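Comments concern the structure below.
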Amino acid sequence: MYLYRSVADLDDALSNCDYIVNILPSTCNTRGLLDNNKLELCRHRKSVFMNVGRGDICTEQSILKALK
């Protein structure tokens, strides 16, 4: 079974996932997409984050804040 979600469902998806793999390109729609507020949604599941996409989807500061 495949599950597809849109950006409108991102909050729900992030709060229910064990792994997040960013493979997004850098576009005006994706820059900053995984900011502090979005990464905060992963806190209770202690999700694993892998970033192989472009660096401006989330900042180092957002990742460091999420780790703390």
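The values are calculated or read from the model by the stated rules, or taken from the named source; none is laboratory data. Quick caveat, the model's predicted, so the values are computed rather than measured. Note: ideal-geometry Cβ built from the backbone for every residue, glycine included; neighbour counts use all protein chains shown. The protein model used for the area step is the full one, side chains on, heavy atoms only, and it has no ligands, DNA or RNA in it. Shrake-Rupley method; radii C 1.70, N 1.55, O 1.52, S 1.80 Å.
A few comments on the model shown:
- Odd one out for LEU24, checked against (1) assigned to a loop (DSSP other than H, G, I, E, B); (2) free of Cβ contacts under 8 Å to residues at least 12 places away in the same chain: (2)
- Whenever a residue of the range 29-55 is outside any loop (DSSP other than H, G, I, E, B), its partners that are open to solvent by 60 Å² or more (accessible area, probe 1.4 Å) and among the β-branched types (Val, Ile, Thr), lying with C-beta atoms within less than 6 angstrom and at least six residues away or across chains, give the pairs MET50/VAL21.
- Just one of (1) open to solvent by less than 80 Å² (accessible area, probe 1.4 Å); (2) at pLDDT 90 or above fails for SER62. It is (2).
- Filter pass, ALA8 being surrounded by fewer than 12 Cβ atoms within 10 Å (Cβ to Cβ) and at pLDDT 90 or above: yes
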